[in-house]
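What follows is one structure encoded as structure tokens, with my remarks underneath.
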Amino acid sequence: MMKSSRMLVALFLMLLAGVDLLAGQGRLPPDLDRYIEEVRAEWRVVGLAVAVVKDDSVVYARGFGVRRLGEAGPVDEHSLFAIGSNTKAFTAAGVGILVGEGRMAWGDRVVDHLPVFSLFDPYVTREIRVRDLLCHRSGLPAYGGDPVWYASDFGRDEVLRRVRYLEPSSSFRSQFAYQNIMFLAAGEVTEAVAGVSWDEWIATRILRPLGMTRSNTSHDDLATASNVAMPHAMVNDEVMAIPYRDIDNVAPAGSIHSSAQDMTRWLRVLLGEGTIDGRRVLPEVVVAEMLVPHTLRPVDTLSARLFPSTHFSAYGLGVGLRDYGGRMVVAHTGGIDGMLSMVTLVPEEELGIVVLTNTSPNTAYNPIVYHILDSYLGLPAQDWPAVYQELDRRTAEQSAAARERQERSRMQDTSPSLALGAYAGTYDHPLFGRVTIAEEGGGLVLRRHSAYVGDLAHWHFDTFRVTYRDPVLGSGMVTFRLNASGRVGALEAAGLGVFDRVPEGGAGR
Amino acid sequence: MGALRGLPIILMGALAAAPAAAQEGPLRGLDSFVERGLRDWGVPGLALAVVKDDSLVYARGYGVREIGTDQRVDPSTVFGIMSMTKAFTATAMGMLVDRGMVSWDDRVTDHLPGFRVYDDWVTRNVTIRDLLSHHMGVERGDFLWYGTGYTRDEITHQIRYLEPVAPFRAEYGYSNNMYIAAGQLISAVTGMTWDEVIRRWIFEPLGMGSSSTLVGDLARFPNRSRPHEELGGLLQAIPYRSLDNEAPGGSINSNVLDMARWARFQLAGGVWEGQRLISERSLAETHTPQTPIRVPESARRLNPGIHFSTYAMGWQVQDYRGRKLVMHSGGIDGQRSRIALLPEEGLAVIVLTNRGNGNTLFDAVRNWVLDAYLEAESPDWSAEFLAVIREEQARAAAEQARVESERVQGTRPSLPLERYTGIYADSAYGQARVTLEDGRLVVRIGPELRGVAEHWHFDTFRVVWDYAYDQPLLVTFELNARGEVARASFPGWWPSFTRVGDILPVVGGPG
């Protein structure tokens, strides 16, 4: 009698402490549908799909919300989303298949396969290896060169050609810095070695053998696809449907579209060390190579606070790695206009989770992933939605403060040095290409590629704020530089750099 | 009482109580585990200390300082700590960072203008952090210092001749030589020897009175252990190897009491008895992973819950049952050791032993103590480690048998033996001298290594070193088109030495 009542007290205390009594024999969290639906609503995500793989079985695959705001078409586990940078692991695996076939090695010099490949530093050009392309240690700045491909008219070759003008920000292989263009280079290496396009290689060697029948690698493929979730953006706190961004020019870094159901095949082949349904699709050593740390990353203070059990953070090949609750967690996020996704694997638990969403920005995938992870790992439950709402609130505060600081720094009562027409012209940057400024309808209009068309409003002195007509592209600051002869010699675009004015009739680049 | 002999009086009170605590607390059963381990492993002596929550909770010696004697190991017994020295070098560097004298990412050549490696770009770009992180991509090159008479300056100079074996910063590759260079850098910046810096900035403030940096200092510590190796199936005491020229990578001799102070200082984030000796930030930097290390399957078995293995600066950092483990081992002829810190648990273990080859008992003890405090279900770690060592020994024996089986019978050297004599040279490793003595070829490399070369097959000879614990190895003499010996190569050990001249007969004598 005494004994059983004491046990009841202990049970009660454990429940109070949030200790999962099934710790060690993890399971899908109860009432998961309701949890996800609440998170979706809280973050105003239009539609999302979640799938969970455990012990080589799909134990959960569901859609929530709708494919397009204002329309009835529901998201289900077959709905297509852009998976963004979750493409990178496919690119690494694509290279790995060639390595497995003995057609190249991870340690091959990139220039041995792509003789025209060139980076800013000649040493790095001749020394950089294929493996370096896949683990963000090139020494080029994080996200450096992204405006070369994002919303740009350049093709893959041109994007890759221009990267030679991107100056390194850290000593070669000394730091982690996320680099999309290096994954494009890995895709080009794949094409050079395989003799077929990266897209075809991924489709024929990975997507088809895995039975990822709805998945594709190109913006062009969307036109004929059905059950496609549309991207949505939050503009001035209002959710609106937007077009898919075409990023075929950097495809190996992020262009795959897939469904939650298809992605369970990918999770299973990675968890299966390269095999699925008894068939080998990827060499075991390739999967192993993808999932070992190649580049170490600092555990930043925010992560240290949110995840006290995390001591290590690293990048494998196309995937992030860290320890969480005493396990190694393999994870990557993907994001492109209106689309955010997260892929998570815990190999020792044979657990995989994919979350695909069609609204940006949002951080809703985080609470969903951690809720499921904690349940399977037998960790105490936490109020992850509250944690991430608080983080979002702080992020919003910070950007509001930054906007306010910018407004405050605006000098009053200044006017442009020259008549508006004097600013018109063509400006060129070796990395980012051309910008034109034209005087139209009494104002100045900026154009860069076909996507960027923006109206300039005077800010102060010779600085203008440019507001793009495509609301997804937002706004920016442009400063014109006058030379000694009192003419505009260059334009500085915030975040990009200095574009030199191309002389009238000059060839430029 | 024997175990406490030689202990400073001031510690007696605390330690006298400790063994009793060990019988009751987490360390209950430790003594019998270690004593059984000494027997099972044939390790003559071992000293250990355990630190928990900034207190030395246990320190004890087991076995003897030298086999065949009854000189007991006690907590004051001095041993070599070998590569555990590297953390002292890294900490001293952090102290220089605090003083604004260097930055971790300074170019080495800014402080050591003569420093060179195989490639000019790498020479210009290599940083202090790189020196301490084992990812330079050059050959390990231990024969620059091991058994050579080269000074630290000369070794640092010779680094330029080491061959690249991996891309720069791409892979983990252990390098003692880079720590020698780091020590020379510390010396160049401070105007003191590395030894003085370690003594004045670390040993003295921490009260590490039994710790020293030179082999000659050992004479001051009569209570010292002797190294032991198995020679011809017989365990015997051998001399201390001088590591004076490799000092910043491994020369410190110390005892578990001093090392417990060092561990407490590390766990306290750089504070000793209320005094900050290094900034928290600089010390944390030395514990921050810099280079990933691939974990072989065999290591997984012995490191439960390992997912990440890395080298920081002077420390190896990995996860152990969900915690961060900051540690280093040490090893040289006849001695093996370990320090392990579990910062989240305020726990440290130091194990010093006096047996070399085939001894990983120190890590069985490490795991036993860590598991005791983590309340983890622990296998018989001694048996587990012993099984892995036995597998390794079986593999080595099989490899040896394979080499033997590949020996071609009935061959003879191409040339008369005296034609193999001469001076052979390599830009990194200096001279090898081959002479004919009593009808046998004798190979000398540097001032200390001497071995007799017995014919193996064709123009390959097997060198059996005078120090029997240095493995025999094959040397192949290569003939040129004129039928003369042009090179001698020692695969896997040294590069090819080129024959550069005859050994000239000594003409005349002292006048």
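The values are calculated or read from the model by the stated rules, or taken from the named source; none is laboratory data. This structure is a prediction, so every number in the text was calculated from the model and none was measured. With ideal geometry, Cβ positions are generated from the backbone for all residues, glycine too; neighbour counts draw on all protein chains shown.
Points to keep in mind about this one:
- Residues that are within 10 Å of chain A (Cβ to nearest Cβ) and either surrounded by 19 or more Cβ atoms within 10 Å (Cβ to Cβ) or at pLDDT below 95 (or both), drawn from the range B:288-303: B:Pro289, B:Gln290, B:Thr291, B:Pro292, B:Ile293, B:Val295
- Test for B:Thr498: is it in a strand (DSSP E or B), free of Cβ contacts under 8 Å to residues at least 60 places away in the same chain and surrounded by 12 or more Cβ atoms within 10 Å (Cβ to Cβ): no
- Helices (runs of 4 or more DSSP H) lying entirely in the range B:107-159 (those with 1 or more residues that are under 24 Å from the mean Cα position of the chain (by Cα) and of a type outside the set (Ser, Thr, Tyr)): B:108-111, B:128-133, B:152-158
- Residue, farthest from the other protein chains (Cβ to nearest Cβ), within the range B:129-138, restricted to residues that are in contact with a strand residue (DSSP E or B) (Cβ under 8 Å, 6 or more places away or on another chain) and on the phi < 0 side of the Ramachandran plot: B:Val138
- Whichever residue in the range B:205-225 is outside any loop (DSSP other than H, G, I, E, B) and more than 22 Å from the chain's Cα centre (by Cα) and, among such residues, is surrounded by the fewest Cβ atoms within 10 Å (Cβ to Cβ): B:Arg220
- A Cβ distance below 9 Å, combined with a sequence gap of six or more or placement on separate chains, defines the contacts here; from the range A:308-326, residues that are under 11 Å from B:Lys324 (Cα atoms) and more than 7 Å from chain B (Cβ to nearest Cβ) reach residues that are among the polar types (S, T, N, Q) and outside any loop (DSSP other than H, G, I, E, B) in the pairs A:Thr310/A:Ser303.
- Qualifying residue in the range A:274-295 (condition: under 28 Å from A:Leu48 (Cβ atoms) and within 12 Å of another protein chain (Cβ to nearest Cβ)): yes
Each row is one residue, and each column tells you yes or no for (1) farther than 21 Å from A:Ile128 by Cβ; (2) assigned to a loop (DSSP other than H, G, I, E, B).
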position	(1), (2)
A:Glu71	yes, yes
A:Glu77	yes, yes
A:Lys88	no, no
A:Ala92	no, no
A:Val99	no, no
A:Arg103	no, yes
A:Trp106	no, yes
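- The range B:304-316, residues that are more than 16 Å from A:Gly326 (Cβ to Cβ) and within 11 Å of chain A (Cβ to nearest Cβ): B:Thr310, B:Tyr311, B:Ala312
- A residue that is in contact with a Gly (Cβ under 8 Å, 6 or more places away or on another chain) and either in a loop (DSSP other than H, G, I, E, B) or within 14 Å of chain B (Cβ to nearest Cβ) (or both) occurs somewhere in the range A:330-340.
- All of (1) touching a residue at least 24 places away in the same chain (Cβ under 8 Å); (2) surrounded by fewer than 18 Cβ atoms within 10 Å (Cβ to Cβ) hold for B:Gly249 with one exception: (2).
- Selected residue (only one of A:Leu119, A:Leu133, A:Leu140 is farther than 20 Å from A:Gly433 by Cα and away from chain B (no Cβ under 12 Å)): A:Leu133
- Of the residues making up the range B:322-373, those that are among the small types (Gly, Ala, Ser) and within 14 Å of chain A (Cβ to nearest Cβ) number 1.
- Where strands (runs of 3 or more DSSP E) fall wholly inside the range B:406-469, the ranges with 1 or more residues that are touching a residue at least 24 places away in the same chain (Cβ under 8 Å) and surrounded by fewer than 17 Cβ atoms within 10 Å (Cβ to Cβ) are B:422-426, B:430-437, B:449-457.
- Of all residues making up the range A:274-305, the number that are crowded, with 16+ Cβ neighbours inside 10 Å and touching a residue at least 40 places away in the same chain (Cβ under 8 Å): 13
- A:Ala260, sole failed condition from (1) of a type in the set (Gly, Ala, Ser); (2) without any contact (Cβ under 8 Å) to a residue 24 or more places away in the chain; (3) farther than 29 Å from A:Ser170 by Cβ: (2)
- The sole residue among B:Glu246, B:Glu196 that is among the acidic types (Asp, Glu) and over 19 Å from B:Arg336 (Cα atoms) is B:Glu196.
- Screening B:Val51, B:Val102 for residues that are touching a helix residue (DSSP H, G or I) at 6+ places or on another chain (Cβ under 6 Å), of a type in the set (Val, Ile, Thr) and assigned to a loop (DSSP other than H, G, I, E, B) leaves exactly one candidate, B:Val102.
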